[in-house]
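These notes concern the structure reproduced below.
The values are calculated or read from the model by the stated rules, or taken from the named source; none is laboratory data. These numbers come from a predicted model, not from an experiment. Cβ: placed from backbone, ideal geometry, glycine included. Neighbour counts: every protein chain shown. Side chains are part of the model used for accessible areas, which takes the heavy atoms of the whole protein and leaves out ligands, DNA and RNA. Shrake-Rupley method; radii C 1.70, N 1.55, O 1.52, S 1.80 Å.
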Amino acid sequence: MKQWRRALAISRKDIVSYYGKPPLITWGLMFPGVLLLSIYLKDPGTYLQVSPGIVAMTLLFASTSMSAIVITFEKRAGTFQRLLLAPLHLDTIILGKTLSAAAYGLATTLILVLALAILLGLRLTVPGLFAIGLLLGAVLFALMGLIASMVVKEVFEAMTLMNFFRFPLLFISGVFMPWAKLPAWLKPLAWLSPLTHIVELLEYGLTGRSHFPSPWLPLGASLAFLVLAAGAAHVTFQRRAYL
Amino acid sequence: MASANIIHVTGLSKSFGSLKALDNVSFVVRQGEIFGYLGPNGAGKTTTIKILCGLLPRQSGEVSIGGLDIAEEPVRVKQRLGVVPDESNLYPELTCLRNLDYLGELYGLSRAARRARATELLGIFDLTDKKATPFGALSRGLKRRLTIAAALVHAPEILFLDEPTTGLDVPSAKALRALIQRINQQDGVTVFLTTHNLFEAEALCHYVQIIHKGQALAAGTAQEIRQRVTGRKTLEVTFDGPVPGDWWQVPGYRGRPPAPVNGRWHLETAGQELHQVLAFLLVRAEAAGVKIIDLEAGGANLEEAFLAILQEQRPGKEENP
């Protein structure tokens, strides 16, 4: 059987086993849902401005949590060793784990988007670009969670490490404040955040507008970050998976 | 039975910081045999298994499994191995059947082959009625059985068993040993077994390698290992009443201090001094008015040989008072 089919087997197993875990539901769906509802209740006219950011944040939290928690949990339980003992390339394991985490991130985010569409009348202007943004973000963020899972031993350490990066990313990536309104000294830093580019892609998808001159810019940057994250995950797994 | 070498290890070394876990270890495992890798805790047994299974890189030495080096072709080698770690580590949330099915997927079995194999293994390991039970809900003995079944799901050529019966009660351990023999004899699976249970090694293994502090000390069949303790004899004597402890200060006494076990006294002596020891005991018994009601003399068993070999490595630390 080809390695990709084994990767799909890993994903399927993870989806069935872990999708209902309370920390994933709390961080993945409840947190952004409650946040967006609060913003809407405060000022129904401005919720659309922050919607791309909140949707991207949902994707970030759901995808990173799924990959980081699942692998750390399996390392702790000894079941991750099963994958290392099986005739699998490390990239097969990375692909399998990434797919399940990305699928979880996508599913969670789509629930949120669907709820926004039904309850608050959210409409997509460029659905294709919105979908590409979601896909790229889900895979990219899942890979980030995977990398984090390799450098910690406990689930709570994984969450702490992820939050150490996720919250600053929220601050600099135009999630709550549009990129254009960020202080000048912060803008270069925002360029270095993968979340910035996903937010911009979603902004294009939702409103047809963006703070960037062309959608190709965040699309290219997101792809570059994706390649970088895949390479980093490969190297991290090679160095740390067997420890 | 045994024929070609299926595992060939030469000059294997591994250190963790300043600790030398394996120091120039060499051995071969022949196809179809049960190979016992014996040593006390911390001897380097698990480190060896981890290197052979591709979980740890080696520092130096050569490892060939079926003619392939796991460092160079990990996927091809792992396809031929089944591994039972010292801790049962299947997925607690999955049922017994799903665990076997999932591992079958990881080893590339088709759906039909997986189903057939899982059903067969559940039957062999007497777990058919537990097929819908989550692994996490099984008893320790049943977990161990399913872990071994899982290692066999892809019909491997070589099965690594790391301390398979540790922590099991006597009936479970006995049943598991019978299963290991069955797997070896009926399916022709080569078994690499680590244990510090010498009774288990003597009962199961065709060939034994003793390792201590990362160094290979002795190798051979259980009989050959026993013979390394040159001329040593064991003597078990049962009297019809209590006897003074100082009786055992006999001229030919060797090994550990004798102790009563189930009403019998056990001691070790050099073979050529057996006659002298017996004469001494008879004179003492006659004078004290006690009778010898049973007497058994034999060679050293594997445990005694193992301890004697370890003792040879600790000069100046005599066990004999």
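Selection of region B:80-116 for residues being touching a residue at least 12 places away in the same chain (Cβ under 8 Å), within 14 Å of chain A (Cβ to nearest Cβ) and either assigned to a helix (DSSP H, G or I) or polar (S, T, N, Q) (or both) yields B:Ser88, B:Asn89, B:Thr95, B:Leu97, B:Asn99, B:Leu100, B:Asp101, B:Leu103, B:Gly104, B:Arg114. Of the residues examined, B:Ser88 is one that is in contact with a Lys or Arg (Cβ under 6 Å, 6 or more places away or on another chain) and open to solvent by 20 Å² or more (accessible area, probe 1.4 Å).
Given the condition more than 25 Å from B:Gly104 (Cα to Cα), open to solvent by 10 Å² or more (accessible area, probe 1.4 Å), among the hydroxyl-bearing types (Ser, Thr, Tyr) and not in a helix (DSSP H, G or I), answer yes or no: does some residue in region A:41-50 qualify? Within region A:41-50 (the criterion being more than 25 Å from B:Gly104 (Cα to Cα), open to solvent by 10 Å² or more (accessible area, probe 1.4 Å), among the hydroxyl-bearing types (Ser, Thr, Tyr) and not in a helix (DSSP H, G or I)), the answer is yes, since at least one residue qualifies. Is it the case that some residue within region B:96-119 is in the same structural domain as B:Ala203 (by TED's automatic domain parsing) and touching a strand residue (DSSP E or B) at 6+ places or on another chain (Cβ under 6 Å)? Checking region B:96-119: not a single residue is in the same structural domain as B:Ala203 (by TED's automatic domain parsing) and touching a strand residue (DSSP E or B) at 6+ places or on another chain (Cβ under 6 Å).
Do the conditions hold for B:Asp129, that is, is it more than 11 Å from chain A (Cβ to nearest Cβ), on the phi < 0 side of the Ramachandran plot, in a helix (DSSP H, G or I) and among the acidic types (Asp, Glu)? Yes: the conditions hold for B:Asp129.
Within region A:140-182, the set of residues being open to solvent by 50 Å² or more (accessible area, probe 1.4 Å), touching a residue at least 12 places away in the same chain (Cβ under 8 Å) and within 20 Å of A:Val199 (Cα to Cα) comprises A:Phe165, A:Phe176, A:Ala180. Here region A:184-198 is the region considered, the condition is being more than 13 Å from the chain's Cα centre (by Cα) and among the small types (Gly, Ala, Ser), and the residue that is farthest from A:Pro218 (Cα to Cα) is A:Ala184.
Residues satisfying the criterion are present in region B:47-56 (criterion: away from every other protein chain (no Cβ under 13 Å), part of a helix (DSSP H, G or I), crowded, with 16+ Cβ neighbours inside 10 Å and of a type outside the set (D, E, K, R)).
Given the conditions (1) within 10 Å of chain B (Cβ to nearest Cβ); (2) open to solvent by less than 40 Å² (accessible area, probe 1.4 Å); (3) of a type in the set (A, V, I, L, M, F, W, C), which single one is not true for A:Leu8? Only one criterion is unmet by A:Leu8, namely (2).
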